[in-house]
Amino acid sequence: METNQTTDTQNESGEKNKGAGKSSTVIILSLLVILLGGTVVYLLFQKKSQKIQYQVILKEKEASSNEKVTLQRALDSLVNEHNKIKSQYGELNDRLSKKDSIIQKNVREIQNLLATTGELKRAKRKLELLRGITQGYVHQMDSLYKVNIQLTEENKQVKSDFQKEKAKTEELTVKITSASGLAAYKVKGSGVRVKGKKEEIINKAKRAEQLKVSFTILQNPLASSGSKDIYIRITGPDNKVLCDGTEDEFMFAYKNDKIVYTIKKQINYENKNLELDLYWPKKGELTPGTYGIDVFASGEQIGVGSFKLE
């Protein structure tokens, strides 16, 4: 009897141990399944996250590429417009060559930035600055163009006035030559600057150091020969006479009056053509515009002329 009870007790204990072993296995397997499932979920999440990141990077790259294309097109359009303006204004462009070189330098810098990764913002800022520079260039070109047109019109007017004065001078020359007076023919004026022994004709008012008046005293057998005083009056664009002073020593008699002169020259007239060049060193700054010339001798006006300084 005791042997049977012992055997039963052992069987029950074995079955309990066996049941406990099965439970442990189930628990371990469950844990492994959970861990594997978690790992799979984590990997799927990582894959999805990487896919999203890839799509974001792809979109950013696409957006960057599109912006680069847009900036390049804007730059090409700006360069084409600039070249068109240069071609349109022709020789006037030479006056703004310095600004043109600045524009070309900026274009090259923007091209380099567009070719460099991560420099699109700098390229965009430089492109906006370049637009401002080119707009200023166009404004200055337009201003130069208007000034050039104005100068062209003024030049036409000066030529017209010169032809009229020339006709008057020739008429005056004929009248005086037929009598016993002197006549100043082809009265011309200009600005000059002397370097050493060389004389340079200057058309710019600011650069001229002296004013030069040239003409020919025509031959007149009826005129008396000998020493004669020639007086030159040069009037500026404001119609004021250029002179060294207003005292009596700077004046001469003309038609019962005394008037100031710019240049005085004593000549020895021998009844034949005499070419004269007279100079007046400027006093202060000269004003751009048209200058008038009047030539006098023996109390009579014997010639007129004009010239222009820019």
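The values are calculated or read from the model by the stated rules, or taken from the named source; none is laboratory data. In this text the structure is predicted, and so the values were computed from the model without any measurement. Note that we place each Cβ from the backbone using ideal geometry, even for glycine, and neighbour counts take in every protein chain shown.
Which numbered condition trips up E285, out of (1) surrounded by fewer than 18 Cβ atoms within 10 Å (Cβ to Cβ); (2) over 15 Å from Q210 (Cα atoms)?
The single condition E285 does not satisfy is (2).
Residue-by-condition table, conditions (1) modelled with pLDDT under 70; (2) within 20 Å of E310 (Cβ to Cβ); (3) not assigned by TED's automatic domain parsing to the domain that holds I103:
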{"position": "T134", "(1), (2), (3)": "no, no, no"}
{"position": "V138", "(1), (2), (3)": "yes, no, no"}
{"position": "E153", "(1), (2), (3)": "no, yes, yes"}
{"position": "S160", "(1), (2), (3)": "no, yes, yes"}
{"position": "A167", "(1), (2), (3)": "no, no, yes"}
{"position": "L172", "(1), (2), (3)": "yes, no, yes"}
{"position": "T216", "(1), (2), (3)": "no, no, yes"}
{"position": "N220", "(1), (2), (3)": "no, no, yes"}
{"position": "A223", "(1), (2), (3)": "no, no, yes"}
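Can you pull out every residue in the stretch 204-228 that is of a type in the set (S, T, N, Q) and under 16 Å from G303 (Cβ atoms)?
S214, T216, Q219, N220
Any idea which of (1) crowded, with 16+ Cβ neighbours inside 10 Å; (2) at pLDDT below 75; (3) hydrophobic (A, V, I, L, M, F, W, C); (4) in contact with a helix residue (DSSP H, G or I) (Cβ under 8 Å, 6 or more places away or on another chain) is the one V107 doesn't satisfy?
(2)
I267 - would you say it is over 16 Å from G189 (Cβ atoms) and in contact with a Leu (Cβ under 7 Å, 6 or more places away or on another chain)?
Judged against the criteria, I267 is a match.
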